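The values are calculated or read from the model by the stated rules, or taken from the named source; none is laboratory data. Given the structure is predicted, the values throughout are model-derived calculations rather than measurements. Every residue, glycine among them, receives a Cβ derived from its backbone with ideal geometry; neighbour counts consider all protein chains shown. SASA here: full protein model, heavy atoms, side chains in, ligands and nucleic acids out. Shrake-Rupley method; radii C 1.70, N 1.55, O 1.52, S 1.80 Å.
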Amino acid sequence: MWVRQVELDEIPLLIRGGTIIPMREESAMTTKELRKKDFELVVAPGSDWAAKGSLYLDDGVSLEQASTLEVSYAFDATELTVKAAGRYNVNGVKYSKISILGISERPLDVKIALASGKPIAVRRVDWDAQNEVVNVDVAISLSTSFTLRLEFAEADADGESAGGHAHDEL
């Protein structure tokens, strides 16, 4: 969603363009409970249609970590690459949703594949035209490396697609 009129009882969330934010899908009362909650990714491309981010996980208790998980995220116009490294046991925690902001045209298709190239099922894709957001419901382990690709209508001779997927005023 882009900057809009905010009511007095609302608190806007401002996200810097060019960032990818891994967020827990819901909160919890304790760190132990929070570590059981799934993640969603929010991709906010910058004016160059690129974004990046990272996530670091450990047990949250030990000073000397037996294992950790480091995840890097990169987005370049139509492709999100997620690279996970480490041996931290995520105990079933997964990505449940990926939201890509600033998409002004409905994608024709969304494809997800493991680093090996094996396809991963997409649960549901929703394009919110008013807020220019593509929401992709998934169930992918936090420790899995994968690529998500948005596919749009072919460009015409001038290099522009029918509706243009990039927002003009990022």
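Can we say Gly46 is out of contact with any helix residue (DSSP H, G or I) (no Cβ under 8 Å at 6 or more places or on another chain), surrounded by 12 or more Cβ atoms within 10 Å (Cβ to Cβ) and in a strand (DSSP E or B)? So Gly46 fails the test. Looking at Asp126, is it part of a strand (DSSP E or B), more than 25 Å from Asp48 (Cβ to Cβ), open to solvent by 30 Å² or more (accessible area, probe 1.4 Å) and without any contact (Cβ under 8 Å) to a residue 24 or more places away in the chain? For Asp126, the condition - part of a strand (DSSP E or B), more than 25 Å from Asp48 (Cβ to Cβ), open to solvent by 30 Å² or more (accessible area, probe 1.4 Å) and without any contact (Cβ under 8 Å) to a residue 24 or more places away in the chain - is met.
Scanning the stretch 76-121 for residues that are open to solvent by 50 Å² or more (accessible area, probe 1.4 Å), over 18 Å from Ala153 (Cα atoms) and either among the aliphatic types (A, V, I, L, M) or in contact (Cβ under 8 Å) with a residue 60 or more places away in the chain (or both) yields Lys83, Ala85, Lys97, Leu114, Ala115, Ala121.
Quick check: is even one residue across the stretch 68-75 free of Cβ contacts under 8 Å to residues at least 24 places away in the same chain, under 13 Å from the mean Cα position of the chain (by Cα), surrounded by 12 or more Cβ atoms within 10 Å (Cβ to Cβ) and under 30 Å from Pro12 (Cα atoms)?
Taking every residue of the stretch 68-75 in turn, at least one turns out to be free of Cβ contacts under 8 Å to residues at least 24 places away in the same chain, under 13 Å from the mean Cα position of the chain (by Cα), surrounded by 12 or more Cβ atoms within 10 Å (Cβ to Cβ) and under 30 Å from Pro12 (Cα atoms).
Only one of the listed residues (Lys32, Lys37) is of a type outside the set (A, V, I, L, M, F, W, C), open to solvent by 40 Å² or more (accessible area, probe 1.4 Å) and out of contact with any strand residue (DSSP E or B) (no Cβ under 6 Å at 6 or more places or on another chain). That residue is Lys32. Which ones in the stretch 4-47 are among the aliphatic types (A, V, I, L, M) and modelled with pLDDT under 95? Those that are among the aliphatic types (A, V, I, L, M) and modelled with pLDDT under 95: Val6, Leu8, Ile11, Leu13, Leu14, Ile15, Ala28, Met29, Leu34.
For the stretch 8-43, the tally of residues that are touching a residue at least 24 places away in the same chain (Cβ under 8 Å) and outside any strand (DSSP E or B) stands at 10.
Selection within the stretch 129-170: residues that are over 30 Å from Leu57 (Cα atoms), at pLDDT 55 or above and touching a Ser or Thr at 6+ places or on another chain (Cβ under 6 Å). The member of this set that is surrounded by the fewest Cβ atoms within 10 Å (Cβ to Cβ) is Ala155.
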